[in-house]
Amino acid sequence: MNLIDTFQITETEVITITGGGGKTSLMFALGRELTAAGKAHVITTTAKICVADVNPAQLLIDPDIDTIIAEIKKDPAKEWIIGREEVAQQKIAGFDDADLYKLHQALSPLVIINEGDGSNRRPYKFYADYEPAIPTLTTKIIHVMGAETFKRPIDETLFHRSQLFDGEELFFDETALKRTLATFSRTKLDPHFGPAVDRILLINKADGEHLENARQMAKIGKMIFPHCFIGSLKEGWIKDCRC
């Protein structure tokens with residue numbers, strides 16, 4: 001799949017993954033590739049990661065970022081998943097901007113892979129005012145959508161917080177998709193991140209019957225995001241929509 005080359009990831013990137021339909025899978029796939037390439041990295045969250053999704057041998061939990069840094073220095077090649085605390089033994093909460101900046105500086109060169117919001121295991125979501133949590137030091141934003149959402153009813157079956165959808169459409173058609181992506185870009189990205197921060201749209205689950213959905217979604221997505229890809233993390237492929 002070669003995500004490192006596809007997304008042009010350097011050894012000092014801070015990557016924040018948002019959306020739904022493959023965020024966690026992408027996060028761990030990136031981690032595996034970086035490990036294989038011998039590039040130092042950590043996985044973390046500014047939202048919450050499910051404990052059930054994490055290999056306990058990789059997990060490093062401590063409220064003190066200096067303790068986290070010291071432990072990583074003992075074994076910098078390990079694929080660490082770091083957090084500030086466990087919440088109700090179900091979720092892992094991460095660090096704030098200041099701590100992430102300190103981590104990045106202390107362990108440079110270091111790639112940080114950050115999960116910036118949660119979708120309650122649904123293939124897409126609509127956003128509350130306080131979401132997503134994208135650190136200011138982010139250099140790449142990868143927004144993920146599941147292709148199975150296209151032209152489907154806008155309800156809780158496939159959409160987390162469906163009540164926050166701001167349109168009149170009942171189905172997630174071309175109009176609803178275009179408005180949703182444009183609103184996300186205008187309200188969540190534009191006020192905080194300039195052109196130096198890469199904006200990438202990944203339409204995941206473009207396999208089987210959903211391949212044509214993904215292609216149609218990409219035609220709209222590439223008008224809003226400078227970089228747009230379709231793919232299947234499950235099948236292990238990604239294609240640049242500009243090709």
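Here are some notes:
- Residues within the range 225-236 that are outside any strand (DSSP E or B) and buried (at least 17 other Cβ atoms within 10 Å of the Cβ), tallied: 2
- Cβ-Cβ distances below 7 Å connect the following pairs, each with a first residue in the range 15-42 that is more than 15 Å from residue 144 (Cβ to Cβ) and of a type outside the set (S, T, N, Q), a second residue that is part of a loop (DSSP other than H, G, I, E, B) and modelled with pLDDT of 95 or more, and a separation of six or more residues or different chains: 39/11; 40/107; 40/109; 40/110; 41/110; 42/110.
Condition check ((1) buried (at least 18 other Cβ atoms within 10 Å of the Cβ); (2) farther than 18 Å from residue 198 by Cβ; (3) in contact with a strand residue (DSSP E or B) (Cβ under 9 Å, 6 or more places away or on another chain)) across all residues:
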site	(1), (2), (3)
2	no, no, yes
11	no, no, yes
17	yes, no, yes
20	yes, yes, yes
23	yes, no, yes
31	yes, yes, yes
36	no, yes, no
56	no, yes, no
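- Restricting attention to the range 6-38, the residues being assigned to a helix (DSSP H, G or I), within 16 Å of residue 233 (Cβ to Cβ) and not hydrophobic (A, V, I, L, M, F, W, C) number 7.
- Residue identified as part of a helix (DSSP H, G or I), on the phi < 0 side of the Ramachandran plot and of a type in the set (D, E, K, R) among 178, 239: 178
- Filter result for residue 49 (of a type in the set (A, V, I, L, M, F, W, C), closer than 23 Å to residue 139 by Cβ, modelled with pLDDT under 95 and in contact with a strand residue (DSSP E or B) (Cβ under 7 Å, 6 or more places away or on another chain)): yes
- Looking only at residues in the range 186-243 that are out of contact with any Phe, Trp or Tyr (no Cβ under 7 Å at 6 or more places or on another chain) and among the basic types (Lys, Arg), the one that is nearest to residue 146 (Cα to Cα) is 205.
- Selection from the range 202-218 of residues that are touching a residue at least 12 places away in the same chain (Cβ under 8 Å), of a type outside the set (A, V, I, L, M, F, W, C) and surrounded by fewer than 19 Cβ atoms within 10 Å (Cβ to Cβ): 207, 215, 216
- Number of the exception - residue 42 against (1) hydrophobic (A, V, I, L, M, F, W, C); (2) at pLDDT 95 or above; (3) part of a strand (DSSP E or B); (4) closer than 30 Å to residue 156 by Cβ: (4)
- Test: residue in the range 159-169 that is among the aliphatic types (A, V, I, L, M), touching a residue at least 24 places away in the same chain (Cβ under 8 Å) and in a strand (DSSP E or B): no
- Residues of the range 56-70 classified as at pLDDT 95 or above, more than 12 Å from residue 42 (Cα to Cα) and not in a loop (DSSP other than H, G, I, E, B), total: 5
- Residues satisfying the stated conditions in the range 147-180, i.e. in contact with a helix residue (DSSP H, G or I) (Cβ under 8 Å, 6 or more places away or on another chain) and of a type in the set (Gly, Ala, Ser): 147, 167
- Selection from the range 139-164 of residues that are over 18 Å from residue 179 (Cβ atoms) and surrounded by fewer than 22 Cβ atoms within 10 Å (Cβ to Cβ): 139, 140, 148, 156, 157
- Complete set of residues in the range 99-136 that are without any contact (Cβ under 8 Å) to a residue 40 or more places away in the chain and either assigned to a helix (DSSP H, G or I) or surrounded by 22 or more Cβ atoms within 10 Å (Cβ to Cβ) (or both): 99, 101, 102, 105, 106
The values are calculated or read from the model by the stated rules, or taken from the named source; none is laboratory data. Please read these numbers as outputs of a predicted model, since none were measured by experiment. Glycine also receives a Cβ, built like all others from the backbone with ideal geometry; neighbour counts cover every protein chain displayed.
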